[in-house]
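K.L.:
Take this structure, written in structure tokens, and hold onto it; I'll ask about it next.
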Amino acid sequence: MGTILDIQDLTVHFPISIGTVRAVEGVNLKLEEGEVMGLVGESGCGKSTLGFSILRLLRPPGEIVGGKILYHGEDIVQMTTEEILALRGGRIAMIFQDPLTSLNPLFRIDAQFTETLLTHEKGLDRKSAFGRAEGMLESLGISPERLLEYPHQMSGGMRQRIMIGMGLILNPDLLIADEPTTSLDVIVEAQFLDLLNDLRKQFSLTILLITHNLGNVAQLADRITVMYGGTIAETGPAGDIFEDPLHPYTQGLLASIPNIKLDQPKLITMPGSPPDLVNPPPGCVFHPRCPHVMEICQSDKPDVLQKGGRLVACWLQR
Ligand code: SF4
């Protein structure tokens with residue numbers, strides 16, 4: 001097992017009329033081959049921007065202004081357009097929140113699979129491509145006959161399974177799943193996560209699962225990275241983070257999950273709002289909401305400290 005993705009000091013900015021949105025600030029993150037990394041945090045914390053940056057899919061005015069994204073040692077930030085196009089789908093796949101907007105409504109499912117295959121695999125004929133699409137539908141637990149249908153003829157859960165099949169048809173080794181279950185109901189969501197777990201083993205996948213849903217990461221992730229205000233708050237094995245969160249933001253996130261075993265008349269919430277990323281607070285970006293804030297937190301950005309197999313950015317851990 002080696003490192004498949006090594007993000008070093010990544011910084012992504014969005015210059016807009018009122019200033020610069022500092023969406024991702026100096027993020028370091030490593031993914032080891034075969035693991036599922038859950039990337040969690042509130043909306044606007046920078047997790048999806050980080051995912052889009054890996055495939056250089058940021059929309060203007062978003063731009064990577066610093067850092068490296070090493071994929072098997074090659075820096076994606078420095079790649080040419082041709083190199084990036086070969087990487088997308090072929091070696092790294094991404095699935096998005098809403099499959100209906102990602103599938104073309106005018107084409108049958110078979111056409112969408114074969115087009116992907118014929119574009120990337122020169123010399124492949126249409127009949128073989130169709131056969132590969134049939135095999136993929138079987139892996140997804142969908143009857144291959146449904147290849148002849150249009151996206152609108154399928155349920156939301158089936159469309160999301162088709163999307164993941166299209167992502168995997170070219171045998172990538174890294175899958176970025178950006179909030180893949182947001183549009184699914186809880187039953188279909190559980191089935192989809194089971195499927196993702198099966199496919200991970202079948203296709204020897206490494207997965208970056210971007211989500212605000214801690215239940216999803218609990219079910220699937222080996223390790224978790226918690227983002228806040230464009231920075232990494234904490235990274236570590238999933239079990240350790242759920243049992244003993246070190247960062248006050250992670251502690252707040254976990255405390256806000258309703259527990260049916262406890263008599264809780266009110267849901268627990270975290271006070272305050274996410275930071276303004278045009279004018280982020282000085283020092284620790286979480287300090288205006290932190291119940292343990294100290295003087296140093298208001299002026300100095302916390303160092304990232306190693307605690308066993310975990311990394312945490314908090315002055316409390318000095
Ligand atoms: Fe709270 Fe300070 Fe730790 Fe930030 S560095 S999370 S403000 S204790």
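Any read-out appearing in this document is the output of simple, stated calculations on the displayed coordinates, not a laboratory observation. None of the values given here were measured: they were computed from a predicted structure. Backbone-built Cβ (ideal geometry, glycine too); neighbour counts: all protein chains shown.
K.L.:
For GLU42 and LYS266, FRET efficiency with R0 = 30 Å and r from the beta-carbon atoms, rounded to 0.05?
P.N.:
0.95
K.L.:
I need the calculated FRET efficiency for the pair PHE107 and PHE203, taking r as the beta carbon distance and R₀ as 22 Å, to the nearest 0.05.
P.N.:
0.35
K.L.:
Whose amide H sits under 5 Å from the amide H of CYS314, counting only residues 5 or more places off or on another chain, with H placed in the peptide plane?
P.N.:
Those qualifying (amide H under 5 Å, at least 5 residues apart or on another chain) are LEU305.
K.L.:
Please list 3J(HN,Hα) in residue order for region 93-102, calculated via the Karplus relation 6.51 cos²θ - 1.76 cosθ + 1.60 where θ = phi - 60°; whole Hz, with x for glycine and proline.
P.N.:
Computed from phi, the couplings for region 93-102 are 10, 9, 10, 10, 4, 10, x, 5, 7, 8 Hz.
K.L.:
Two decimals, Cα atoms only, Kirkwood Rh: what is Rg/Rh over region 43-98?
P.N.:
Result: Rg/Rh = 0.95.
K.L.:
For a quick check of your reading of the filter: which trypsin sites (Lys or Arg not before Pro) in region 224-300 sit in a DSSP loop and have no more than 14 other Cβ atoms within 10 Å?
P.N.:
Listed in order of number, the matching sites are LYS261, LYS266.
K.L.:
Which FRET efficiency value, to the nearest 0.05, is calculated for ASP9 and LYS307 with the Förster distance at 25 angstrom and r the Cβ-Cβ distance?
P.N.:
E(calc), rounded to 0.05, equals 0.75.
K.L.:
Mind jotting down the three principal axis lengths of region 30-127 based on Cα atoms? Whole angstrom, largest first.
P.N.:
Here the Cα extents, ordered largest to smallest, are 43, 32, 30 Å.
K.L.:
Which ordering of LYS122, LYS307 is given by a fewest-first count of other beta-carbon atoms within 10 Å?
P.N.:
Placing the least packed residue first, the sequence is LYS122, LYS307.
K.L.:
Follow-up. Cut-off 10 angstrom, C-alpha nodes, Gaussian network model of the chain. Which of GLY272, GLY236, GLY308 fluctuates the most?
P.N.:
Largest GNM mean-square fluctuation: GLY308.
K.L.:
Within the chain, count lysine pairs with alpha carbon atoms under 27 angstrom apart where the residues are 8 or more positions apart or belong to different chains.
P.N.:
11
K.L.:
Could you work out which residue, out of ILE210, ILE162, ILE257, moves most in a Gaussian network model of the chain, that is, has the largest mean-square fluctuation with Cα springs under 10 Å?
P.N.:
Of ILE210, ILE162, ILE257, the most mobile in the Gaussian network model is ILE257.
K.L.:
Let's test this: bin the Cα-Cα distances of the chain at 20 Å from zero up to the farthest pair and state each bin's percent.
P.N.:
Taking all Cα pairs of the chain, the binned fractions are 30, 56, 13, 0 percent.
K.L.:
Arrange TYR150, TYR228 by Cβ neighbour counts within 10 Å, fewest through most, would you? Don't jump to the answer; show the numbers that get you there.
P.N.:
Values: TYR150 15, TYR228 27.
Listing TYR150, TYR228 from fewest to most nearby Cβ atoms yields TYR150, TYR228.
K.L.:
Give me THR101, THR11 ranked fewest to most by other Cβ atoms within 10 Å of their Cβ, as a rough exposure proxy.
P.N.:
The order, fewest Cβ neighbours first, is THR101, THR11.
K.L.:
Obtain the radius of gyration and the Kirkwood radius of region 162-275 from its C-alpha atoms and give Rg over Rh.
P.N.:
Result: Rg/Rh = 1.00.
K.L.:
Could you give me the radius of gyration and the Dmax of region 260-310, taking only the C-alpha atoms into account and expressing both in angstrom?
P.N.:
Over region 260-310's Cα set, Rg and Dmax evaluate to 15.1, 41 Å.
K.L.:
Something else: Report, by chain and number, residues whose modeled amide H sits under 5 Å from the one on VAL24, excluding near sequence neighbours (fewer than 5 apart, same chain).
P.N.:
VAL12
K.L.:
Also: Show me the trypsin sites (Lys or Arg not before Pro) within region 8-100 that DSSP assigns to loop and that have at most 13 other Cβ atoms within 10 Å of their Cβ.
P.N.:
none
K.L.:
For the chain, set up a GNM with springs between Cα atoms under 10 Å and report which of MET158, MET136, MET270 has the largest fluctuation.
P.N.:
Evaluated over the chain, the most mobile residue of the options is MET270.
K.L.:
How about region 209-318: which GluC sites (Glu not before Pro) there are in a DSSP loop, with at most 12 other Cβ atoms within 10 Å of their Cβ?
P.N.:
Details: sites: GLU234, GLU243, GLU295; in loops: GLU295.
Of the GluC sites (Glu not before Pro), the ones in loops of region 209-318 whose Cβ has at most 12 other Cβ atoms within 10 Å are GLU295.
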